[in-house]
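Shown next, in structure tokens, is the structure this report addresses.
The values are calculated or read from the model by the stated rules, or taken from the named source; none is laboratory data. Note that the structure is predicted; figures quoted are calculated from it, not measured. Cβ coordinates were reconstructed from backbone atoms using ideal geometry, including for glycine residues, and neighbour counts include every protein chain displayed. Note: accessible area is taken over every heavy atom of the protein model, side chains too, but ligands, DNA and RNA are not part of it. Shrake-Rupley method; radii C 1.70, N 1.55, O 1.52, S 1.80 Å.
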Amino acid sequence: RFGGKMGPAFYGAEAAVQSGRFSRDEVMTWGALGYAGIKIDVTDDIKIQIDTELTYARGDEDPTDGNMETFEPIATFGHKYQGHIDLMTWKNSYAYKLGFAVWPMKWLSVHADAHAFWLVNRQDSWYSGTGAAIRGRQTNQSGNGTGHYVGSELDLYVKAKLLEKRVAIWAGYSHFFPGTYVRRTGRST
């Protein structure tokens, strides 16, 4: 895990490898993420930030072969990555985020984040932010593949720090747009 700054730019990455045994299965899996962005001071009070994130966590190609390949995060990110609705976690997924934020005043920030989510392996499950399986391996009713694209999410939110930063308020709106996988495997979330 590392991170840093170079002038107005910031960056970071994290990776984890898991190996061993789980019940009767051999475990060998991994997950990685990276982020980068730039935060520009327009004036003493006004700041603008543009950032991007990419996360990947391996999924299991064949849950019955005696090899467990689904990455199991030790702790979920809780909104840090993969959106505020918590419809995805760092498990059998890859996700991309593009974010924009503006600080019109030192104590107030306005944010807009767009996320896109895919499954790594359709033979594995789609896992929620808690790590629980939302949907297992499936095909649609005609027998065709379900696709990897789970969907996208838009997060719009405001953060305010009041009373000399003693009180923080965070309010927002999020919306999930179902992708091919969700539409072909059941009702939209």
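Summed over the stretch 48-83, residues that are in a strand (DSSP E or B) and closer than 27 Å to Asp25 by Cα total 5.
Annotation: of all residues in the stretch 1-10 being among the hydrophobic types (A, V, I, L, M, F, W, C) and open to solvent by 40 Å² or more (accessible area, probe 1.4 Å), the one that is farthest from Pro104 (Cα to Cα) is Phe2. Of the residues making up the stretch 11-50, those that are open to solvent by less than 70 Å² (accessible area, probe 1.4 Å) and closer than 22 Å to Asp65 by Cβ number 6. Here Asp86 does not fit the description of being in contact with a strand residue (DSSP E or B) (Cβ under 7 Å, 6 or more places away or on another chain), assigned to a loop (DSSP other than H, G, I, E, B) and within 29 Å of Ala171 (Cβ to Cβ). Scanning the stretch 101-118 for residues that are within 17 Å of Leu163 (Cβ to Cβ) and either free of Cβ contacts under 8 Å to residues at least 60 places away in the same chain or in a strand (DSSP E or B) (or both) yields Met105, Trp107, Leu108, Ser109.
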